[in-house]
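Trainee: I am attaching a structure below and will ask some questions about it afterwards.
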Amino acid sequence: MKKGVGLGLSASGRADQLSRRLLLKTGACLGVGGAISACQHRWGPGQEKWCGRGHEPVEEALIVLVAVDGVRWQDVFYEPRNAPLNPGIPRRQLIPQLMAMESNGIVLGAPGTQGFFASGPNFVSLPGYMEMLSGTSDLACTENDCQRMQRLTLLDGFQRKDPSDPTLVGAFSSWAQIEVAASSVKSGVVSTGRWGGFGHSALQGLPGCCRALAKGKADGGGWGDFRYDEITAELALSFLREVGPKFLFLSLGETDEYGHAGSYSEYLQSLTRADDHIGKLRHELAKFRRAGRSTLLLVTTDHGRAANFRDHGRQYPESARSFLFAEGTMIPPRGRVNSSQPRYLKDIVPTIREIFGLREQTAPQRGRILEELLV
């Protein structure tokens with residue numbers, strides 16, 4: 001259980017509370033402010049081939065990184081007969097959007113491959129988010145109560161391209177503590193949990209963002225400081241539609257909360273809802289591509305789960321396992337790809353930096369470029 005989430009409730013009580021879907025009120029925004037190298041391959045409409053390290057950076061692209069918290073890799077790759085605990089829900093019903101991404105793009109971490117992992121040594125959320133947003137596992141943070149991000153993040157890197165425009169980047173999460181991981185210098189627009197974050201004044205004049213932000217703060221917008229995933233996703237989608245940023249990060253957290261509550265059926269339902277939100281993001285990104293803008297969508301998880309399902313962390317090494325789904329203008333439809341070595345959350349950042357021409361980070365224990373996505 002993450003610190004501050006679900007306190008004072010039994011496992012059954014947390015599951016019951018999470019199950020209540022209250023009617024959410026709308027409200028006003030009150031106080032819230034050369035070209036690509038030629039290749040001898042053929043791709044579908046709108047797709048471009050990236051030939052290793054020789055490509056030009058895509059300056060005007062749009063990247064969306066989604067993390068669905070605490071998802072077991074078995075639940076996104078296996079059909080029910082091979083997925084322990086699954087009551088018989090086929091993948092096409094459980095995660096149709098991730099399956100579409102697999103068909104149209106590249107997936108890392110599938111069964112029988114080198115795997116995709118959180119670096120650890122403690123496989124809990126805040127270190128995982130710090131790793132995926134900073135590109136290093138040298139973080140001086142191994143718990144969920146760390147107070148400061150000591151490395152520059154993707155938000156910081158994109159913001160440096162134009163410090164005068166805070167809407168270039170945005171990060172939206174259901175769990176409040178991700179505010180710590182999002183940025184080391186308070187870059188962009190960040191809304192974490194029901195009341196956390198910074199840069200909200202930049203949302204003035206964006207009606208969809210203001211409505212979603214107000215929903216999260218109102219009665220029925222979550223429990224404690226945790227905001228319902230539905231509202232967090234609505235806020236991120238509104239930001240995408242109304243701003244068209246360079247980089248958008250979305251974290252959905254109900255999967256992990258149901259996991260800790262020991263409710264596998266509710267966990268699966270929340271995974272399907274997260275998949276539906278991913279589908280809405282795919283729909284919006286397709287509009288940007290039709291308008292001539294390159295896009296990249298990445299979906300991962302900050303950590304997996306223990307064999308007992310309920311737990312994760314340093315005493316459960318199997319909970320290190322994650323996955324990565326990638327789809328976009330420059331991603332060929334190769335499906336499940338086996339890497340030449342184990343891959344990690346920290347490899348996401350240097351790959352994005354390579355594609356979009358951001359300054360390379362020199363931190364120790366930094367990740368490596370995912371060449372599998374570039375060739």
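The values are calculated or read from the model by the stated rules, or taken from the named source; none is laboratory data. Please read these numbers as outputs of a predicted model, since none were measured by experiment. Please note: Cβ atoms are built from the backbone with ideal geometry, for glycine as well, and neighbour counts cover all protein chains shown.
Trainee: For the range 337-357, which residues satisfy the criterion of being within 19 Å of SER137 (Cβ to Cβ) and surrounded by 19 or more Cβ atoms within 10 Å (Cβ to Cβ)?
Mentor: Once the filter is applied, which keeps residues that are within 19 Å of SER137 (Cβ to Cβ) and surrounded by 19 or more Cβ atoms within 10 Å (Cβ to Cβ), the range 337-357 yields ARG343, TYR344, LEU345, LYS346, ASP347, ILE348, VAL349, PRO350, THR351, ILE352, ARG353, GLU354.
This table checks each residue for (1) closer than 16 Å to LEU298 by Cβ; (2) assigned to a helix (DSSP H, G or I); (3) among the aromatic types (Phe, Trp, Tyr); (4) touching a Pro at 6+ places or on another chain (Cβ under 6 Å).
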| position | (1), (2), (3), (4) |
| --- | --- |
| VAL71 | yes, no, no, no |
| GLN74 | no, yes, no, no |
| PRO84 | no, no, no, no |
| GLY88 | no, no, no, yes |
| ARG92 | no, yes, no, no |
| MET101 | yes, yes, no, no |
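Trainee: While we're here: Residue check, VAL190 against (1) assigned to a loop (DSSP other than H, G, I, E, B); (2) closer than 23 Å to LEU213 by Cα; (3) among the hydrophobic types (A, V, I, L, M, F, W, C), all met but one. Which one?
Mentor: The single condition VAL190 does not satisfy is (1).
Trainee: In addition: With respect to the numbered conditions (1) at pLDDT below 95; (2) in a loop (DSSP other than H, G, I, E, B); (3) within 23 Å of ALA182 (Cβ to Cβ), which one is the sole condition not fulfilled by PHE123?
Mentor: (1)
Trainee: Which condition number in (1) surrounded by fewer than 20 Cβ atoms within 10 Å (Cβ to Cβ); (2) touching a helix residue (DSSP H, G or I) at 6+ places or on another chain (Cβ under 8 Å); (3) aliphatic (A, V, I, L, M) is the one that ALA218 fails?
Mentor: Going through the list (1) surrounded by fewer than 20 Cβ atoms within 10 Å (Cβ to Cβ); (2) touching a helix residue (DSSP H, G or I) at 6+ places or on another chain (Cβ under 8 Å); (3) aliphatic (A, V, I, L, M), ALA218 breaks only (2).
Trainee: Take the conditions touching a Pro at 6+ places or on another chain (Cβ under 6 Å), surrounded by fewer than 23 Cβ atoms within 10 Å (Cβ to Cβ) and part of a loop (DSSP other than H, G, I, E, B) and apply them to ASP145. Does it pass? I'd like the intermediate steps shown before the answer.
Mentor: Details: touching a Pro at 6+ places or on another chain (Cβ under 6 Å): no; surrounded by fewer than 23 Cβ atoms within 10 Å (Cβ to Cβ): yes; part of a loop (DSSP other than H, G, I, E, B): yes.
Criteria not met by ASP145.
Trainee: When residues of the range 333-360 are filtered for being touching a strand residue (DSSP E or B) at 6+ places or on another chain (Cβ under 7 Å) and not hydrophobic (A, V, I, L, M, F, W, C), how many remain?
Mentor: Selection size over the range 333-360: 9.
Trainee: Moving on. Which residues, taken from the range 348-366, are out of contact with any Ser or Thr (no Cβ under 6 Å at 6 or more places or on another chain), charged (D, E, K, R) and under 19 Å from GLN150 (Cα atoms)?
Mentor: Kept after step one, since they are out of contact with any Ser or Thr (no Cβ under 6 Å at 6 or more places or on another chain), are these residues of the range 348-366: 348-362, 364.
Cutting the leftovers down to charged (D, E, K, R) gives us 353-354, 359-360.
Answer for the range 348-366, where residues must be out of contact with any Ser or Thr (no Cβ under 6 Å at 6 or more places or on another chain), charged (D, E, K, R) and under 19 Å from GLN150 (Cα atoms): ARG353, ARG359, GLU360.
Trainee: Here is a follow-up. Test ASP302 against the criterion of being in contact with an Asp or Glu (Cβ under 7 Å, 6 or more places away or on another chain) and farther than 14 Å from GLY105 by Cα, and give yes or no.
Mentor: Working: in contact with an Asp or Glu (Cβ under 7 Å, 6 or more places away or on another chain): yes; farther than 14 Å from GLY105 by Cα: yes.
Yes.
Trainee: Shifting gears a bit: Among the residues of the range 234-282, which ones are touching a Lys or Arg at 6+ places or on another chain (Cβ under 8 Å), closer than 17 Å to GLN97 by Cβ and either surrounded by fewer than 24 Cβ atoms within 10 Å (Cβ to Cβ) or at pLDDT below 95 (or both)?
Mentor: Scanning the range 234-282 gives GLU234, LEU237.
Trainee: Can I ask one more? I'd like to know if the range 193-210 contains one or more residues that are at pLDDT 95 or above, in contact with a His (Cβ under 8 Å, 6 or more places away or on another chain) and either within 29 Å of PHE356 (Cα to Cα) or not aromatic (Phe, Trp, Tyr) (or both).
Mentor: Checked against the condition, which is being at pLDDT 95 or above, in contact with a His (Cβ under 8 Å, 6 or more places away or on another chain) and either within 29 Å of PHE356 (Cα to Cα) or not aromatic (Phe, Trp, Tyr) (or both), the range 193-210 yields no hits at all.
Trainee: When you scan the range 228-236, do you find a residue that is aromatic (Phe, Trp, Tyr) and part of a helix (DSSP H, G or I), even just one?
Mentor: From the range 228-236, those aromatic (Phe, Trp, Tyr) are 228; that's our starting set.
Now narrow it down to the ones that are part of a helix (DSSP H, G or I): none.
The answer is no, given that none of the residues of the range 228-236 is aromatic (Phe, Trp, Tyr) and part of a helix (DSSP H, G or I).
Trainee: Kindly provide the set of residues from the range 171-185 that are surrounded by fewer than 24 Cβ atoms within 10 Å (Cβ to Cβ) and farther than 16 Å from CYS146 by Cβ, ordered by number.
Mentor: Of everything in the range 171-185, just one residue is surrounded by fewer than 24 Cβ atoms within 10 Å (Cβ to Cβ) and farther than 16 Å from CYS146 by Cβ, namely VAL185.
Trainee: Which pairs do you get when a residue that is buried (at least 16 other Cβ atoms within 10 Å of the Cβ), found in the range 82-103, comes within reach of a residue that is polar (S, T, N, Q) and part of a helix (DSSP H, G or I), reach meaning Cβ atoms under 6 angstrom, with the pair 6+ apart or on two chains?
Mentor: Sorted first by the residue in the range 82-103, then by its partner, the pairs are ALA83/GLN74; LEU94/THR272.
Trainee: Got a number for residues in the range 316-370 being assigned to a loop (DSSP other than H, G, I, E, B), polar (S, T, N, Q) and within 23 Å of SER183 (Cα to Cα)?
Mentor: Taking the range 316-370 first, the residues assigned to a loop (DSSP other than H, G, I, E, B) are 322-323, 329-334, 337-342, 357-365, 367-370.
From what's left, polar (S, T, N, Q): 322, 329, 338-341, 361-362, 365.
Narrowing further to those that are within 23 Å of SER183 (Cα to Cα): 322, 361-362, 365.
The number of residues fulfilling the criteria is 4.
Trainee: I'm checking my understanding of the structure. Among residues of the range 66-86 that are over 20 Å from ASP311 (Cα atoms) and in contact with a helix residue (DSSP H, G or I) (Cβ under 7 Å, 6 or more places away or on another chain), which one is modelled with the lowest pLDDT?
Mentor: Restricting to residues being over 20 Å from ASP311 (Cα atoms) and in contact with a helix residue (DSSP H, G or I) (Cβ under 7 Å, 6 or more places away or on another chain), the top hit is GLU79.
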